[in-house]
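*Asks:* A single structure is presented below for examination.
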There are 2 protein chains.
Amino acid sequence: MPDTALQDYLKAVYKLQETAGSEPGPAGEPVSTSALSERLGVSQASVTGMLKKLARKDFVSHEPYRGVRLTEAGRRVAVATIRRHRIVEQFLVEALGFTWDEVDEEAEILEHAVSEKVVNRMWEVLGRPRSDPHGSPIPSSEGVIEPESDARPLTETPVETPVRVTRIRNRSPDELRYLGGLGLELGAELVLEEKAPFDGPLLIRVGGRRHALDPRFAHAVLVE
Amino acid sequence: MPDTALQDYLKAVYKLQETAGSEPGPAGEPVSTSALSERLGVSQASVTGMLKKLARKDFVSHEPYRGVRLTEAGRRVAVATIRRHRIVEQFLVEALGFTWDEVDEEAEILEHAVSEKVVNRMWEVLGRPRSDPHGSPIPSSEGVIEPESDARPLTETPVETPVRVTRIRNRSPDELRYLGGLGLELGAELVLEEKAPFDGPLLIRVGGRRHALDPRFAHAVLVE
DNA sequence: CGGGATATTTAGCCTTGCCTAACTTTTTCT
DNA sequence: AGAAAAAGTTAGGCAAGGCTAAATATCCCG
């Protein structure tokens with residue numbers, strides 16, 4: 001695909017706006033050059049260059065020195081890319097027997113190669129799933145993302161109350177395998193037993209077993 | 001993928017060596033710059049440039065003004081690319097419900113995006129097929145291509161002898177739909193009723209129906 | 001408020017793969 | 001054979017997307 005880079009940048013802007021706790025799009029928080037540089041593994045100068053191009057094509061609005069935000073057109077491209085990514089992931093797991101830790105890497109490439117026709121067929125064959133193997137919602141072909149009920153990071157859940165894992169926002173195969181090893185899979189029941197004062201490890205109980213959980217992981221685990 | 005162009009060139013050299021009736025590889029017929037230019041839809045100058053690069057990397061041997069042939073390394077890359085292409089095509093038809101005329105285009109892109117792991121899983125899920133939707137053999141993962149029994153072009157088959165369609169070497173969706181409309185599908189029985197003297201249309205009978213067949217199509221239909 | 005630290009942009013360069021135009025080699029045809 | 005045609009190569013450019021180094025904005029803190 002010729003616009004692999006373009007899609008990757010827009011997706012990164014989208015996710016960073018989202019991470020900032022804002023609606024990705026013209027109204028959300030702007031995203032800094034350095035954040036994009038880090039996320040994409042590319043020099044800041046390269047980011048600036050690409051942002052100018054994206055701004056010229058009206059996919060982002062760029063105020064020099066103050067970051068970018070997606071335009072409506074940019075948001076559409078980003079969401080379509082995320083849709084392809086998540087459907088491909090789900091397909092790799094459900095139809096081809098991959099494990100959840102292997103699929104992000106593969107999908108990162110396939111999301112740029114798979115046509116709308118192919119991805120829509122995959123989605124049909126899978127029975128029109130609403131989420132991917134990590135519990136992330138699959139946007140509709142019209143670009144709508146169903147809001148996630150009331151899932152919250154494990155770090156913000158009350159102590160001694162049973163909750164269920166609904167989503168795991170983590171892309172590292174190693175870390176996903178580690179979490180899976182603890183029994184932290186989608187749908188797993190768990191109880192938060194002890195929350196460290198500031199940013200220390202959490203103590204959780206999953207399937208009768210107790211584990212200490214690094215807060216960085218815990219933040220990526222959404223429960224309800 | 002970074003080496004999309006490289007794979008496309010090597011695949012084209014492979015197919016052109018093969019078309020010349022020779023074993024693709026160091027021993028086969030050399031392929032001309034202009035043949036590659038036409039097949040790849042790229043200027044002759046561009047072909048020359050790329051051939052120099054491929055020669056530098058030892059994927060082809062290039063005698064200036066006299067064409068190129070694949071080295072053993074080049075053959076391996078070409079065959080692996082063809083394997084991915086054909087497995088993807090078969091998968092699109094068998095697992096995703098595409099029709100045989102739609103899949104070449106899609107596979108042309110996916111062949112560069114799909115990892116060995118993914119393509120091998122597809123092949124397993126399909127039940128280890130030996131050929132693709134057009135009857136073309138799927139190379140093994142070691143790069144071996146089973147020789148096709150004694151399939152011959154329809155143009156070289158004796159008159160009034162029933163034969164069976166084993167392969168259709170044609171990539172144009174329009175033409176494939178046209179052939180399908182005549183009943184010329186894999187496995188179809190047909191009889192060649194009349195062969196024009198030099199290069200005129202053939203008269204064939206398929207499933208009780210008689211059709212005139214342009215010799216260019218007829219050459220692409222292999223039978224046994 | 002001023003200045004150093006940090007973030008961002010600009011300038012200049014590289015590689016890929018493509019292009020056209022001009023030149024050279026090979027082929028073909030009389 | 002010898003010239004015209006065809007095929008192939010070289011030269012010079014362009015757009016994409018990267019990079020580093022240098023210049024400039026912004027931020028933050030004493």
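The values are calculated or read from the model by the stated rules, or taken from the named source; none is laboratory data. Just so you know, these numbers come straight off a predicted model, no measurement behind them. Heads up, the Cβs are rebuilt from the backbone with ideal geometry, glycines too, and the neighbour counts pull from every protein chain shown. Remember, those area values only see protein heavy atoms, side chains included, never the ligands or the DNA or RNA. Shrake-Rupley method; radii C 1.70, N 1.55, O 1.52, S 1.80 Å.
*Asks:* Filter region B:1-34 down to the residues that are part of a loop (DSSP other than H, G, I, E, B) and within 14 Å of another protein chain (Cβ to nearest Cβ) and list them by number.
*Replies:* If the condition is that a residue be part of a loop (DSSP other than H, G, I, E, B) and within 14 Å of another protein chain (Cβ to nearest Cβ), then B:Met1, B:Pro2, B:Asp3 are the ones that fit.
*Asks:* Another question, then. Restricting attention to region B:6-55, which residues are farther than 17 Å from B:Arg83 by Cβ and charged (D, E, K, R)?
*Replies:* B:Glu23, B:Glu29, B:Glu38, B:Arg39, B:Lys52, B:Lys53
*Asks:* Looking at region A:48-90, which of the residues that are acidic (Asp, Glu) and away from DNA strand C (no atom under 12 Å from the Cβ) is surrounded by the most Cβ atoms within 10 Å (Cβ to Cβ)?
*Replies:* Ranking the qualifying residues of region A:48-90, first place goes to A:Glu89.
*Asks:* B:Asp150 fails exactly one of the following numbered conditions: (1) modelled with pLDDT of 95 or more; (2) surrounded by fewer than 20 Cβ atoms within 10 Å (Cβ to Cβ). What is the number of that condition?
*Replies:* Tallying (1) modelled with pLDDT of 95 or more; (2) surrounded by fewer than 20 Cβ atoms within 10 Å (Cβ to Cβ), B:Asp150 fails exactly one: (1).
*Asks:* Hey, another quick one. Of all residues being more than 10 Å from every other protein chain (Cβ to nearest Cβ) and not hydrophobic (A, V, I, L, M, F, W, C) in region A:97-106, which is farthest from A:Thr4 (Cα to Cα)? Just the residue, please.
*Replies:* In this case the residue turns out to be A:Thr99.
*Asks:* Looking at region B:149-161, is at least one residue within 19 Å of B:Ile82 (Cα to Cα) and of a type in the set (Gly, Ala, Ser)?
*Replies:* Of the residues in region B:149-161, the ones within 19 Å of B:Ile82 (Cα to Cα) are none.
No: region B:149-161 contains no residue that is within 19 Å of B:Ile82 (Cα to Cα) and of a type in the set (Gly, Ala, Ser).
*Asks:* In region B:112-123, how many are at the interface with chain A (Cβ under 7 Å from one of its Cβ atoms) and not in a loop (DSSP other than H, G, I, E, B)?
*Replies:* 3
*Asks:* What's the total number of residues in region A:168-214 that are out of contact with any helix residue (DSSP H, G or I) (no Cβ under 9 Å at 6 or more places or on another chain) and part of a strand (DSSP E or B)?
*Replies:* Total meeting the criteria: 11.
*Asks:* Here's a follow-up. Quick check on B:Glu94: is it under 26 Å from B:Leu186 (Cβ atoms), open to solvent by less than 60 Å² (accessible area, probe 1.4 Å), at pLDDT 95 or above and within 14 Å of another protein chain (Cβ to nearest Cβ)?
*Replies:* no
*Asks:* Quick one: B:Gly97 ticks every box in (1) within 16 Å of DNA strand C (Cβ to nearest atom); (2) closer than 27 Å to B:Val221 by Cβ; (3) not β-branched (Val, Ile, Thr) except a single one, so which number is it?
*Replies:* (1)
*Asks:* Provide a single number: the residues in region B:1-30 that are small (Gly, Ala, Ser), within 14 Å of DNA strand D (Cβ to nearest atom) and touching a helix residue (DSSP H, G or I) at 6+ places or on another chain (Cβ under 6 Å).
*Replies:* Total satisfying the criteria: 1.
*Asks:* Is it the case that B:Ser37 is among the hydroxyl-bearing types (Ser, Thr, Tyr), surrounded by 14 or more Cβ atoms within 10 Å (Cβ to Cβ) and assigned to a strand (DSSP E or B)?
*Replies:* Here the answer is no, as B:Ser37 does not meet what is asked.
*Asks:* Given the conditions (1) away from every other protein chain (no Cβ under 14 Å); (2) out of contact with any Leu (no Cβ under 8 Å at 6 or more places or on another chain); (3) open to solvent by 20 Å² or more (accessible area, probe 1.4 Å); (4) under 30 Å from A:Phe91 (Cα atoms), report the number of the one that B:Ile109 does not fulfil.
*Replies:* (1)
*Asks:* Are any of the residues in region B:9-19 within 14 Å of DNA strand C (Cβ to nearest atom), in contact with a Leu (Cβ under 8 Å, 6 or more places away or on another chain) and among the charged types (D, E, K, R)?
*Replies:* no
*Asks:* Another question about this same structure. Output the residues belonging to region A:42-98 that are hydrophobic (A, V, I, L, M, F, W, C), within 16 Å of DNA strand D (Cβ to nearest atom) and under 17 Å from the mean Cα position of the chain (by Cα).
*Replies:* Within region A:42-98, A:Val77, A:Ala78 meet the criteria.
*Asks:* For region B:153-167, which residues satisfy the criterion of being of a type outside the set (D, E, K, R), open to solvent by 20 Å² or more (accessible area, probe 1.4 Å) and in a strand (DSSP E or B)?
*Replies:* Answer for region B:153-167, where residues must be of a type outside the set (D, E, K, R), open to solvent by 20 Å² or more (accessible area, probe 1.4 Å) and in a strand (DSSP E or B): B:Pro153, B:Pro162, B:Thr166.
*Asks:* Here's something else I'd like to know. At negative phi, of a type outside the set (Ser, Thr, Tyr) and within 13 Å of another protein chain (Cβ to nearest Cβ) - does that describe any residue in region B:60-79?
*Replies:* So far as region B:60-79 goes, no, none of its residues is at negative phi, of a type outside the set (Ser, Thr, Tyr) and within 13 Å of another protein chain (Cβ to nearest Cβ).
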